[in-house]
């Protein structure tokens, strides 16, 4: 069974390790502080225990996608002929 990443089940230090491990692409920086491992402001709410990582990722995904009037099925061409 894998270790939980939920805020209620982790310490701040564990959350830093979770984020730095995910961002490291296999490299161990050796110093798991926020500045040393490059944790930017995006992950800070999770590290500080304010927002679950899942919610943070969902917010980020929805910030990058939008539906315009020219998307298929919205006053534009459709793949259905």
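Bear in mind that the values in this text are calculations on the coordinates, not laboratory data. Keep in mind it's a predicted model, so treat the numbers as computed, not measured. Quick reminder, even Gly has a Cβ in these numbers, built from the backbone with ideal geometry, and neighbours come from all protein chains shown.
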Per-pair calculated FRET efficiency, R0 = 22 Å: residue 41 and residue 4 via Cβ, rounded to 0.05: 0.35
Full-extension gain in nm, residue 57 to residue 21, via 0.36 nm per residue minus C-alpha separation: 11.3 nm
